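Reviewing the structure listed below.
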Amino acid sequence: MKNVLVIDYNMGNLSSVANAVYYIGGNPIISNKPKDIKEAEYIILPGVGTFNNGMKNLINLGLCDILIEQIIDNKKPFLGICLGMQLLAQEGHEWGVTKGLGVIKGKVDKLKVNENLRLPHIGWNDVYFKKECKLISKLNKSEVFYFLNSYHLIPDEDSIVVGTCNYGNDFVAVINNKNIFGTQFHPEKSQKPGLLILKNFLEV
Amino acid sequence: MLKVRLIPCLFLMNGLLVRSEKFNLHQNLGNPIHQLERYNDWYVDELIYIDISRKGDYDFGRYDTKVKIKTNILDILSEISKKCFVPLTFGGRIRTIEDIRERLKRGADKITINTIAIDKPEFIKEAAETFGSQCIVVSIDVKINEEGVYEVYKEFGTKPTGMYPIDWAKKVEELGAGEIFLNSIDRDGTGDGYDINLIRMISESVRIPVIACGGVGKFEDFVDGVKLGKASAVAAGNIFNFTEISTINAKKLMRDNEIEVRI
């Protein structure tokens, strides 16, 4: 069984992710200890919450450097989910401007929608895949996933965008840059297609 | 396109599933895990669990044996969340930030608060700032009072608040609630259909999603809830508890009525 570290930085929904990893045959380890992070084969950064609280917690737990090292230097397979993907950006614009991990060039900003659409963007929505990627192996060209967001990642480079979703405007739903993967939606909460995404991640 | 959500709502009392009518308890329906297994097969979009217990003890033992295993609500939540691969909203008796944190840690994806929000509105703001608006659902229970006017009630529908639902809905939105879970106390468990006036009134007064609940007796009620009530999500408790009616059939009817659903 593959060891999957689910980072505990006090930002909710941990056991949902761990339960899903376990269900698809992984061995989830919920931890924020540097030793565990260094030994993990796979790292998942989940997240339900605000950008600034997410960063505050990562900083207070002393996790920023070790995460960056594991992702960039050690090139460990990494999956950021929802806030976990957003925190990879250089900066976030939720409740002011906050510096992110800076692993992905780009920023996080509020979804731009007209007054007919409600925020947060909550529910099941279609994701359209633009290019091939190991994370979406065996999925259809378009699948429905569960979203819970008011903010979205705006990467500088379009080449890392694997899938988009539309809510008023198109926004980034899936990214991949070498060993770094990210989904704006919650695969652990998206039943079959979501569980398949997690399964594919463990085969990277 | 964003789909309209169909959400079974389950009420837990002392660890067991119950059905309610007009917010008074009627029947014990048994083990919540058993029910969950049905829903996993049925393409539900989310699940809402509300703990409506009024005591401290929780019995999670089998109804038909003499052995009762007392477990606390967090353990029950952990059990439920192990097999739940759709978003799980958990509520009931939440009073502090730590209560919320514990539930999110144990498997809830969203939480819902009601009485504490009314007693301490700034708690909504604090919760939204700590955890993000998207996981804070404020439940609003509404009854038509003696003057024939809609009024918000708290504490399991027992205490009037003197507040008009539109005013409270706008206030909770302003304070950072991510969604509103709107319940009609009068319609609860009756099967007489949603209170469409109430739902529409609230849906049109806020920009955050509104989840309608209370009164569903047939699938056509879901269609009305969306098309006439303008709800973003339609929830029901009892209709999914008793019969072989499945959520797939409900969604088929919604789709036939041109409502975008996940099917």
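The values are calculated or read from the model by the stated rules, or taken from the named source; none is laboratory data. Bear in mind the structure is a predicted one, so any value in this text is a computation, not a measurement. In this analysis, Cβ positions are derived from the backbone assuming ideal geometry, glycine residues included, and neighbour counts consider all displayed protein chains.
For the reader, a short list of remarks on this structure follows.
- Scanning the range B:78-118 for residues that are without any contact (Cβ under 8 Å) to a residue 24 or more places away in the chain and of a type outside the set (Ser, Thr, Tyr) gives B:Ile94, B:Arg95, B:Glu98, B:Asp99, B:Lys105, B:Ile116.
- Where helices (runs of 4 or more DSSP H) fall wholly inside the range B:71-138, the ranges with 1 or more residues that are facing chain A (nearest Cβ under 8 Å) are B:73-82, B:97-105, B:122-131.
- Residues being free of Cβ contacts under 8 Å to residues at least 12 places away in the same chain and either within 15 Å of A:Pro77 (Cβ to Cβ) or part of a helix (DSSP H, G or I) (or both) - total across the range A:160-204: 2
- Within the range A:68-87, residues that are among the basic types (Lys, Arg) reach partners that are part of a loop (DSSP other than H, G, I, E, B) with beta carbons closer than 8 Å, at six or more positions or on different chains, in the pairs A:Lys75/A:Lys178; A:Lys75/A:Asn179; A:Lys76/A:Ala40; A:Lys76/A:Glu41; A:Lys76/A:Asn179.
- Pair list, Cβ < 6 Å and 6+ apart or interchain, from the range A:112-128 residues that are more than 8 Å from chain B (Cβ to nearest Cβ) to residues that are at pLDDT below 90: none
- Single unsatisfied condition, A:Trp124 versus (1) out of contact with any helix residue (DSSP H, G or I) (no Cβ under 9 Å at 6 or more places or on another chain); (2) surrounded by fewer than 24 Cβ atoms within 10 Å (Cβ to Cβ); (3) not β-branched (Val, Ile, Thr): (2)
- The single condition among (1) closer than 25 Å to B:Lys110 by Cβ; (2) more than 10 Å from chain B (Cβ to nearest Cβ); (3) outside any helix (DSSP H, G or I); (4) of a type outside the set (D, E, K, R) that A:Met1 does not meet is (1).
- Of the residues in the range A:60-70, none is of a type outside the set (A, V, I, L, M, F, W, C) and crowded, with 22+ Cβ neighbours inside 10 Å.
- Flag for A:Ile160 being more than 14 Å from chain B (Cβ to nearest Cβ) and surrounded by 24 or more Cβ atoms within 10 Å (Cβ to Cβ): no
- Residues that are at pLDDT below 85, surrounded by 15 or more Cβ atoms within 10 Å (Cβ to Cβ) and within 11 Å of chain A (Cβ to nearest Cβ) number at least 1 in none of the strands (runs of 3 or more DSSP E) confined to the range B:1-47.
Yes/no matrix, rows are residues, columns are (1) among the polar types (S, T, N, Q); (2) within 12 Å of chain A (Cβ to nearest Cβ); (3) in contact with a Lys or Arg (Cβ under 8 Å, 6 or more places away or on another chain):
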site	(1), (2), (3)
B:Leu175	no, no, yes
B:Ile185	no, no, yes
B:Leu198	no, no, no
B:Val206	no, yes, yes
B:Gly229	no, no, yes
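- Some residue of the range A:32-46 being within 14 Å of chain B (Cβ to nearest Cβ) and among the small types (Gly, Ala, Ser): no
- Count of the range B:100-134 residues which are within 16 Å of B:Asn72 (Cα to Cα) and surrounded by fewer than 17 Cβ atoms within 10 Å (Cβ to Cβ): 1
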